[in-house]
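The values are calculated or read from the model by the stated rules, or taken from the named source; none is laboratory data. Just so it is clear, the structure is predicted and the values come from calculations on it, not from any experiment. Here the Cβ positions follow ideal geometry from the backbone for every residue, glycine too, while neighbour counts run over all protein chains shown.
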Amino acid sequence: MKLPSRRALALGLAALLFLAGFGWLVATQGPLARVKVTVAKAGETTLDRTLFGIGTVEARRSYAIGPTVAGRVAAVLVDHGEAVTAGQLLAEMDPVDLEARQAAGSATAARAGQLVASAQAALAEAGSRARLAQASSERYADLRRKSFVSQEAADAKVHEAAAAQAGQEAAAAALAAAKDEARRAQSDLAGLGKSRAHLRLVSPVDGIVTARLAEPGSTVVAGQSVVQVIDPATLWLRVRIDQGRSAGLAVGLPVDIALRSRPGQMLKGRVERVDLVGDAVAEERIANVSLGEAPGNQAIGELAEATLHLPPAAKALAVPAAAVKRVGTENGVWRLVEGRARFAAVSTGPASADGMVQVLNGLAAGDAVIVHSNRTLTPDLRVNVVDTLVKAAP
Amino acid sequence: MDKTSIPAIRIEGLMKRYGTGDAAVDALKGVDMTVWPGEVVGLIGPSGSGKTTLLKCLGAVIEPTGGHMQLSGETIYDGKDGGWRTGDLRALRRDRIGFVFQAPYLIPFLDVTDNVALLPMLAGIDNAAARKRALELLTALDVAHRAGAQVSQLSGGEQQRVAIARSLANHAPIILADEPTAPLDSERALTVIRILNDMAVQYQTAIIVVTHDEKIIPTFKRIYHIRDGRTHEEAGEGRPL
Amino acid sequence: MINLAGRDILHGWGKFLFTGVGLGLLIGVTLSMAGIYRGMVDDGQVLIDNSGADLWVVQQGTLGPYAEPSSIRDDVWRGIAGLPGVAETGNAAYLTMQIEHAGKESRAMVVGMEVDRPNRPGAPAYLTAGRPVLAGHYEAIADELAKFKLGERVRIRRHEYEIVGLTRRMVSSSGDPMIFVPLKDAQEIQFLKDNDALLNERARTAANPAFNRPGVPGLLEAVQAANAQSRMVNAVLVRLEANADPEAVAAEIRRWKRLQAYTKVQMEDILVAKLIATSSRQIAMFLVILSVVTAAIVAFIIYTMTLAKVREIAVLKLIGARNRTIAGMILQQALGLGLIGFFVGRLAAGLWAPVFPKYVLLLPGDALRGFAIVMAICALASVVAIRAALAIDPAEAIGG
């Protein structure tokens, strides 16, 4: 047998190289390729837990100022954005016939005063007449005892005295009635004055006009606002937080706020109030968050992202959140044991914003868990551990 | 020449007719020929005389239409008795007839040794023995030094020697050479004829050389002229080489 | 006996190899075509598998949520979660939209998923980088195909989203990359309009006297607020208890909740048989044509190769080579050509498959089938050449 020629050797080598390349391709590119994974160790760490919600800037107190009775707007003295002080006149309602009625009331009151004076005069006259009749009656009685006058004459004088007494009493009653009438007229007049004051819409607080809702000449119903005023010092966020992630929501939590108008600027705030009634339809809870040092000129209704900081969970056994997978109806992690994937059911606690999640049980510190994979894992799957599955950005 | 021994080939009244009816052409009209082992005879004749037809009949490539053919005393064809005796003409050609062509017609994808060894291999002999025999023949023909070469690397003369070696590879009793010297100059042509003569003697094989090459005709001791489908035997000059 | 085919191949190996490589590229195209078809089917399949659901509950009478639009109220899940056999439900919203990235617009499917607990139905099954969505809003996970990077901010409609995680092979049935966002954001993307549309809508409502009546303060505002609400989702994904019968639960939902419910098998049927039926038939047709062309080319090559050897074959016949030997030589060469072609083709397909914009899945089973078919085609093709070779007259070697 002769030795193979050099050409045959070269060809054989080329074929071998080709087959090696082919094998490499099949083993690394296709469905037969080994699954690549990245791995992390479970370890104890401090978890910075956060809640995240979307809020809108709202005024804590908003004053809708309007008339108590239906009427026409006579004047609106302030405009949107104007600062007002407590007691400042903001708008006036048209009084219509109120002034005429006030004049009539004043006249009635004056007349009632005169009536009182006249009743007093009548009472004085009736008194003197009664006193005269009394004296005359006493004299006749004396004279009768001395029998200077007849019994009839004496009796007549007694009767006269009694009548004069009754007349005096009637005059006193008339005076009291006249006084009452005078008081009534006076309070009527005062009432008209009050009504007149209600037509003047004044600001109850120092604040800013946020809305001018009616113009002079338009008619408004009772309760409809003409001007809206808010107190800018009471601006806060109404933050909506998903119910499923709202555990730990409480008053006093510090909050980082990014207003939509300044996404880069983090404002500090704190939870002032947590509404006891949540939104059942949207499945959200509502927290009110104060704006620490508001930058000013933020608009009401502006969107804001609020990150609420819960007390950190210290010394928590944690794994990257991406490691927690679901198999069947169980949550768990894939542990890396001797180059193979093993599923371990775990129960998880809260997650931190930087992507770590607390493992409550089912895993020990130092266990290697598979974080990322380029395919769905199956039990006992042989895997290749790599540093990263995605090429870093150049 | 030992006329008492069995002739390598004997043909009597061999006929070949192409076509039928009115279009029939009789290429061979009764050819007689006897060639003895160790003998080189010439077969000459003008174009269209039936030379090639006779060669094809002798080579068991086409079937004659009448006559009788014997190879080493064994009848291989009898026109009156059912034609070919064997159904496997290829085995017949492979084992008992050697061919040398006008051009060497070597197999280009085999090297020199394997070109010669192919015949014994086809006959079922194992590769090593076949190559051994091939090497012996190549040595006898003085081309053993090119045994491992590719055919394309050989000169025309060398190729022709290899072709002769191939025709001898199965110890065929008869070798048919079809114009083996046509493309060669006279010196080389004579060399080829000398080799054929040597081989005929050395391997006791009969060689029929079909030719119209004037340079080599004088070398034959015996010549068959073929003319008009019939052969006429005559003595050649037998010029020594 | 020496191997004549092998010797012939070795003798003219350059020509043979180039012919094989050429044929291989053609076979590579054919394999890629099969890979494209498999990729399409797989796109549909991963969509089902990766959603992690056992049942899809959608609007009655629709093939939603992937094949047809479907819209149901987002509190429907409460009724479903109570059914026996149901382990977990999750609302999901799907919408396909153009997303601008790096100055170019590309198509993507935005998926709204619930994020209040890890691994709710609809969330990606695995990540290749980053972390899951942890905040309730404005975070997103993107398929690598979308070419986003971790930490990048991408604008979708009215908000910017931060890419916090990357995943792979999470695509829609048409192969568009998925972008996972919290459900509430997805609802907003889907139903809340752009500013102009909002203003126009408000003006239209305000112009309607039924909604803007004098003397009924607040009515217009109430109507407009009601209009802006988006309380719809496209589907409820349902996970079942391990021992629950999907068909039974689906039937229960269909019957009593007046909603359509599909099991995994039915969803596969919708996605694979209905949604991509035409395109897959298109590819299958092309595959058939390519196979025929490949067969014809192989036959032609081998026939030509044989005809180039007429003289040698005639000599072989003359010196007594058997038909079997000659046929064997031609057949072996044809198979050798097929072998080279197949390996080159598989290599080529494997090399260029990742460059395709959509997924090309080269299954080992397909490769094996392809190998068998290539070999069969080569064997068949060699029949023509063998017939031609056997018809060669050995007399051609003699004279002229």
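Quick grid of which residues meet (1) within 30 Å of C:Glu114 (Cα to Cα); (2) at pLDDT 80 or above:
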| residue | (1), (2) |
| --- | --- |
| A:Ser195 | no, no |
| A:Arg200 | no, yes |
| A:Pro204 | no, yes |
| A:Val209 | no, yes |
| A:Leu213 | no, yes |
| A:Gln243 | yes, yes |
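One residue stands out in region C:141-170 among those that are within 27 Å of C:Glu268 (Cα to Cα) and more than 10 Å from chain A (Cβ to nearest Cβ): the one that is nearest to the chain's Cα centre (by Cα), namely C:Met170.
Looking at the structure I just gave you, is C:Ala197 out of contact with any helix residue (DSSP H, G or I) (no Cβ under 8 Å at 6 or more places or on another chain), without any contact (Cβ under 8 Å) to a residue 24 or more places away in the chain, surrounded by fewer than 19 Cβ atoms within 10 Å (Cβ to Cβ) and away from chain A (no Cβ under 13 Å)?
On the way: out of contact with any helix residue (DSSP H, G or I) (no Cβ under 8 Å at 6 or more places or on another chain): yes; without any contact (Cβ under 8 Å) to a residue 24 or more places away in the chain: yes; surrounded by fewer than 19 Cβ atoms within 10 Å (Cβ to Cβ): yes; away from chain A (no Cβ under 13 Å): yes.
Yes: the conditions hold for C:Ala197.
Here's the yes/no breakdown for (1) out of contact with any Ser or Thr (no Cβ under 9 Å at 6 or more places or on another chain); (2) of a type in the set (A, V, I, L, M, F, W, C):
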residue: C:Val58; (1), (2): no, yes
residue: C:Thr62; (1), (2): no, no
residue: C:Ser70; (1), (2): no, no
residue: C:Gly82; (1), (2): yes, no
residue: C:Pro118; (1), (2): no, no
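A count restricted to region B:122-136 and to residues that are buried (at least 21 other Cβ atoms within 10 Å of the Cβ) and facing another protein chain (nearest Cβ under 8 Å) stands at 1. Note on region C:203-291: enclosed helices (runs of 4 or more DSSP H) holding 2 or more residues that are over 30 Å from C:Pro84 (Cα atoms) and hydrophobic (A, V, I, L, M, F, W, C) are C:219-228.
For region C:146-170, name all the residues that are assigned to a loop (DSSP other than H, G, I, E, B) and either out of contact with any strand residue (DSSP E or B) (no Cβ under 6 Å at 6 or more places or on another chain) or not assigned by TED's automatic domain parsing to the domain that holds C:Leu134 (or both).
Our first condition is that a residue be assigned to a loop (DSSP other than H, G, I, E, B); within region C:146-170, this holds for C:147-152, C:157-158, C:168-170.
Hits for region C:146-170 are C:Lys147, C:Lys149, C:Gly151, C:Arg157, C:Arg158, C:Arg168, C:Arg169.
Filtering region A:328-349 to residues that are out of contact with any Asp or Glu (no Cβ under 9 Å at 6 or more places or on another chain) and facing chain C (nearest Cβ under 10 Å) leaves A:Gly328, A:Glu330, A:Asn331, A:Gly332, A:Trp334, A:Thr348. Only one of the numbered conditions (1) more than 14 Å from chain A (Cβ to nearest Cβ); (2) touching a Pro at 6+ places or on another chain (Cβ under 6 Å); (3) of a type outside the set (Phe, Trp, Tyr); (4) on the phi > 0 side of the Ramachandran plot is not met by C:Gly103, and that is (2). Residues in region C:206-250 that are among the basic types (Lys, Arg) and modelled with pLDDT under 80: C:Arg213, C:Arg231.
Would you check which residues across region B:57-106 are assigned to a loop (DSSP other than H, G, I, E, B) and within 12 Å of chain C (Cβ to nearest Cβ) and list them? If you could, list the steps in order and put the result at the bottom.
Of all residues in region B:57-106, those assigned to a loop (DSSP other than H, G, I, E, B) come to B:59-65, B:72-73, B:79-82, B:85-88, B:101-106.
Result: B:Gly59, B:Ala60, B:Val61, B:Ile62, B:Glu63, B:Asp88, B:Phe101, B:Gln102, B:Ala103, B:Pro104, B:Tyr105, B:Leu106.
Residues are listed down the side, and each one gets a yes or a no for (1) in a loop (DSSP other than H, G, I, E, B); (2) of a type in the set (S, T, N, Q); (3) over 24 Å from C:Leu10 (Cα atoms); (4) within 13 Å of the chain's Cα centre (by Cα):
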site: B:Leu137; (1), (2), (3), (4): no, no, yes, no
site: B:Gly148; (1), (2), (3), (4): yes, no, no, no
site: B:Gln159; (1), (2), (3), (4): no, yes, no, no
site: B:Arg166; (1), (2), (3), (4): no, no, no, yes
site: B:Leu176; (1), (2), (3), (4): no, no, yes, yes
site: B:Pro180; (1), (2), (3), (4): yes, no, yes, yes
site: B:Val192; (1), (2), (3), (4): no, no, yes, no
site: B:Asp198; (1), (2), (3), (4): no, no, yes, no
site: B:Gln202; (1), (2), (3), (4): no, yes, yes, no
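Do you know which residues across region B:114-144 are farther than 16 Å from C:Ile319 by Cα and not charged (D, E, K, R)?
So in region B:114-144, the residues farther than 16 Å from C:Ile319 by Cα come out as B:126-129, B:131-133, B:135-144.
Once the filter is applied, which keeps residues that are farther than 16 Å from C:Ile319 by Cα and not charged (D, E, K, R), region B:114-144 yields B:Asn127, B:Ala128, B:Ala129, B:Leu135, B:Leu137, B:Leu138, B:Thr139, B:Ala140, B:Leu141, B:Val143, B:Ala144.
Just checking, does region A:1-10 include any residue being assigned to a strand (DSSP E or B) and more than 12 Å from every other protein chain (Cβ to nearest Cβ)?
Narrowing region A:1-10 to residues assigned to a strand (DSSP E or B): none.
Scanning region A:1-10 turns up no residue that is assigned to a strand (DSSP E or B) and more than 12 Å from every other protein chain (Cβ to nearest Cβ).
Would you pick out the residues in region C:80-100 that are within 14 Å of chain A (Cβ to nearest Cβ) and out of contact with any helix residue (DSSP H, G or I) (no Cβ under 8 Å at 6 or more places or on another chain)? I'd like the intermediate steps shown before the answer.
Step one: of region C:80-100, the residues within 14 Å of chain A (Cβ to nearest Cβ) are C:81, C:85-91.
Passing the criteria: C:Ala81, C:Ala87.
Can you report the number of residues in region A:355-377 which are charged (D, E, K, R) and either at the interface with chain C (Cβ under 8 Å from one of its Cβ atoms) or crowded, with 24+ Cβ neighbours inside 10 Å (or both)? Before the answer, list the steps.
Residues of region A:355-377 that are charged (D, E, K, R), as a first pass: A:367, A:375.
Then drop every residue that is not either at the interface with chain C (Cβ under 8 Å from one of its Cβ atoms) or crowded, with 24+ Cβ neighbours inside 10 Å (or both), which leaves A:375.
The number of residues fulfilling the criteria is 1.
The numbered conditions (1) more than 10 Å from chain A (Cβ to nearest Cβ); (2) not in a loop (DSSP other than H, G, I, E, B) are all true for C:Ser173 except (2).
On the basis of being within 15 Å of the chain's Cα centre (by Cα), under 18 Å from A:Thr50 (Cβ atoms), of a type in the set (Gly, Ala, Ser) and surrounded by 13 or more Cβ atoms within 10 Å (Cβ to Cβ), does A:Ala316 make the cut? No.
State yes or no: is C:Val21 of a type in the set (Val, Ile, Thr), closer than 30 Å to C:Val86 by Cβ and either assigned to a loop (DSSP other than H, G, I, E, B) or more than 14 Å from chain B (Cβ to nearest Cβ) (or both)?
Against the criterion (of a type in the set (Val, Ile, Thr), closer than 30 Å to C:Val86 by Cβ and either assigned to a loop (DSSP other than H, G, I, E, B) or more than 14 Å from chain B (Cβ to nearest Cβ) (or both)), C:Val21 does not qualify.
Of the candidates C:Ala87, C:Ala108, C:Ala81, C:Ala93, the single residue that is within 30 Å of A:Val369 (Cα to Cα) and either surrounded by 21 or more Cβ atoms within 10 Å (Cβ to Cβ) or touching a strand residue (DSSP E or B) at 6+ places or on another chain (Cβ under 9 Å) (or both) is C:Ala87.
Return yes or no: is B:Ala172 surrounded by 21 or more Cβ atoms within 10 Å (Cβ to Cβ), within 13 Å of another protein chain (Cβ to nearest Cβ) and in a loop (DSSP other than H, G, I, E, B)?
Considered against the rule, which asks whether it is surrounded by 21 or more Cβ atoms within 10 Å (Cβ to Cβ), within 13 Å of another protein chain (Cβ to nearest Cβ) and in a loop (DSSP other than H, G, I, E, B), B:Ala172 comes out as yes.
Filtering region C:334-375 to residues that are surrounded by fewer than 22 Cβ atoms within 10 Å (Cβ to Cβ), more than 14 Å from every other protein chain (Cβ to nearest Cβ) and under 29 Å from the mean Cα position of the chain (by Cα) leaves C:Pro357, C:Lys358, C:Arg369, C:Ala372, C:Ile373, C:Met375.
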